[in-house]
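The values are calculated or read from the model by the stated rules, or taken from the named source; none is laboratory data. Keep in mind it's a predicted model, so treat the numbers as computed, not measured. Virtual Cβ from ideal backbone geometry, glycine too; neighbours counted across all protein chains shown. Note: accessible area is taken over every heavy atom of the protein model, side chains too, but ligands, DNA and RNA are not part of it. Shrake-Rupley method; radii C 1.70, N 1.55, O 1.52, S 1.80 Å.
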Amino acid sequence: MATENAAVNFSEPVNKNKQTLARLQESPRPLLHRRDAEDLVLTTAARAEQDQTVVSAATRILSAMARQEPGSTERLLEDRRVSSGRAR
């Protein structure tokens, strides 16, 4: 499996289907560039379900931590502001 994401123009899977699809299958997150709209990312249903499971678990963990420790939510939000360059 390739470590980098393949990127092709939106029309390539139709115009050069065999070559393009072979290249896209090697990528974990193939990207389709569109001329007049936002690019699209392709994924498998299994990968999308796996991503949802990971996000859901992380959300539950953070929620439990916030309930257990007073002030943790404020610290988490402050850390986010600092890391994104929006510190007050």
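Observations on the model:
- For the chain, the gyration tensor built on C-alpha atoms gives a prolate shape. Its axis ratio a/c (a ≥ b ≥ c) is at least 1.5, and a/b is the larger of a/b and b/c.
- As a fraction of the 1.4 Å probe accessible area of segment 1-49, surface on carbon and sulfur atoms comes out at 51 percent.
- Average accessible area per residue (Å²) across the chain - probe 1.4 Å, nucleic acids and ligands excluded: 84
- Helical contribution to [θ] at 222 nm, DSSP H n ≥ 4, -39,500 (n - 2.57), averaged over the chain, rounded to 500: -17500 deg cm²/dmol
- Cα→Cβ-extended label distance, 7 Å offset, between LEU21 and ALA66, nm: 4.4
- Simple Cβ-charge dipole of the chain, Lys/Arg +1 and Asp/Glu -1, about Cα centre, in debye nearest 20: 80
- Listed residues ARG34, ARG75 arranged by accessible area, highest first, probe 1.4 Å: ARG75, ARG34
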